[in-house]
Amino acid sequence: MKTLYTDLDIRFTLDGISVRALNIVFERFTQTLPSHSHGSGCYEIHYIPFGYGKLNADGQYYDIVPNTLYVTGPHIVHAQTPILDDPMQEYCVYLKIRDTFRSRKPSPVMDAFLSMPFWIGLDTQGVHPLMRQLFSELEHRYTGYQNQVELLLPQLLICMVRNYEQHRLSS
């Protein structure tokens with residue numbers, strides 16, 4: 001099962017930094033996702049609500065269990081392997097962030113998010129309901145859905161930063 005949204009024109013600004021959602025996907029892994037990385041300014045937010053697997057990020061292995069949350073930023077080589085008895089299911093939001101860093105005021109949220117090109121831990125900030133709402137908006141496309149998605153995505157970034165602050169399990 002895979003739900004993929006790629007026809008998006010979702011953009012928002014958080015603290016003067018332009019963010020664009022390029023892909024938003026939910027899928028159940030039945031095979032390994034091979035090693036890959038993304039370019040400058042690209043971040044993937046991964047949330048695993050169900051199932052198990054392994055993550056290889058920059059040569060280090062991590063167990064994936066329900067409620068695992070992680071971010072892979074620019075040039076972080078990563079691969080995912082499901083445990084086939086109970087394979088992981090994943091929400092993934094792929095963001096392109098453009099920050100000119102010129103004459104920008106400091107931003108507690110975006111500075112913290114951008115400073116962490118890789119982080120992994122268990123979610124403590126309620127990302128699962130946020131992801132469900134995000135996918136509901138994209139699926140039903142009710143009046144104002146794009147505005148609603150543009151409000152949910154900054155909340156996701158705030159939740160990521162709060163997770164970083166709650167427990168630092170990054171490498």
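The values are calculated or read from the model by the stated rules, or taken from the named source; none is laboratory data. Treat the numbers as computed from the prediction; the structure is a model and nothing was measured. Heads up, the Cβs are rebuilt from the backbone with ideal geometry, glycines too, and the neighbour counts pull from every protein chain shown. Note: areas computed on protein heavy atoms with side chains; ligands, DNA, RNA excluded. Shrake-Rupley method; radii C 1.70, N 1.55, O 1.52, S 1.80 Å.
Quick notes on this structure:
- Nonlocal amide H pairs with Asn67, under 5 Å, H built at 1.01 Å: Ile48, Phe50
- Carbon and sulfur %, accessible surface of the chain computed with the full protein complex present, 1.4 Å: 50
- In this calculation the C-beta distance from His36 to Asn147 is compared with R0 = 35 Å, giving a FRET efficiency of 0.60.
- Net lengthening on full extension, Val25/Arg98 (0.36 nm per residue, minus Cα-Cα): 24.1 nm
- Only Cα pairs under 8 Å and 6+ residues apart enter the sum, and on that basis the relative contact order of region 1-56 stands at 29 percent.
- Cys92 accessible area, assembled protein chains, probe 1.4 Å, Å²: 10
- In nm, spacing of pseudo-spin labels at Ala112 and Arg162 (7 Å Cα→C-beta vector): 1.0
- Packing-based order for 29-39, 57-67, using average beta carbon neighbours within 10 Å, highest first: 57-67, 29-39
- At a probe radius of 1.4 angstrom, the accessible area of the chain per residue rounds to 50 square angstrom.
- Value of [θ]222 nm, deg cm²/dmol, for the chain, DSSP H segments ≥ 4, -39500 (n - 2.57) each, nearest 500: -8000 deg cm²/dmol
- Relative contact order for the chain: 25 percent, from Cα pairs under 8 Å spaced at least 6 residues apart, divided by residue count.
- Simple spin-label estimate for His140 and Asp86 gives 3.1 nm between the two label positions (7 Å along the Cα-to-Cβ direction from each Cα).
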